[in-house]
1. Please order 68, 53, 8 by the number of other Cβ within 10 Å, starting at the fewest.
2. What angle, in degrees between 0 and 90 and rounded to the nearest 10, separates the Cα long axis of helix 139-153 from the longest principal axis of the Cα atoms of the chain?
3. For every helix of n ≥ 4 consecutive DSSP H residues, a contribution of -39,500 (n - 2.57) applies; sum these over the chain, divide by its total residues, and give [θ] at 222 nm rounded to the nearest 500 deg cm²/dmol.
4. For the chain, set up a Gaussian network in which alpha carbons nearer than 10 Å are linked by springs, and say which option among 131, 106, 121 fluctuates the most.
5. What FRET efficiency do you get for residue 144 and residue 41 if R0 is 25 Å and r is their Cβ-Cβ distance, rounded to the nearest 0.05?
6. On full extension of the chain, what length is gained from residue 2 through residue 116, given 0.36 nm per residue of separation minus the C-alpha to C-alpha distance?
7. Taking 7 Å along the Cα-to-C-beta vector as the label spot, tell me the residue 159-residue 79 distance in nanometres, rounded to one decimal.
8. If each residue's Cβ is checked for other Cβ atoms within 10 Å, how do 126, 24 rank with the fewest at the top?
């Protein structure tokens, strides 16, 4: 049996070797690997395409090991597993407990903030650009949570289209 995966790895020395270790440990064959360093995203991550061959249970074990090691699987056999969501908050973000805002978004199952960039303007209102990675199908849930937080904290929200 074969499985095609696309992982996102930090573009740093040793990351590719860390991906190969579970493959050899479980006894699955690596058929192809494409490491696309020219396609680095805003978080410094690059896609790595893998084609693996082995018994169904062994392939499942490799996928589970990747997840345990914290590797993001963004595609499996052509099915998108993760989607990127970008939103902007405007207002007194820091004064309204920034940590609470982040924790409440991250509390959603299958959702994690991968980047939170804030631009401060002294005592004036600030702007935050939030990049979120979520399981497929969670986008509306994320937008609903952000809208709820923004309403409570009197922040303006600009969601992606």
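Read-outs: derived from the displayed coordinates by stated rules, not from any lab. No experiment lies behind these values; they were computed from the predicted model shown. For neighbour counting, all protein chains shown are included, and Cβ atoms are generated from backbone atoms with ideal geometry for every residue, glycine included.
1. 68, 53, 8
2. Taking Cα atoms only, the helix is inclined about 30 degrees.
3. -9500 deg cm²/dmol
4. 121
5. About 0.50, to the nearest 0.05.
6. Taking residue 2 through residue 116 to full extension adds about 37.3 nm, to one decimal.
7. Going by the 7 Å Cα→Cβ label model, 2.5 nm.
8. The fewest-first ordering by Cβ neighbours comes to 24, 126.
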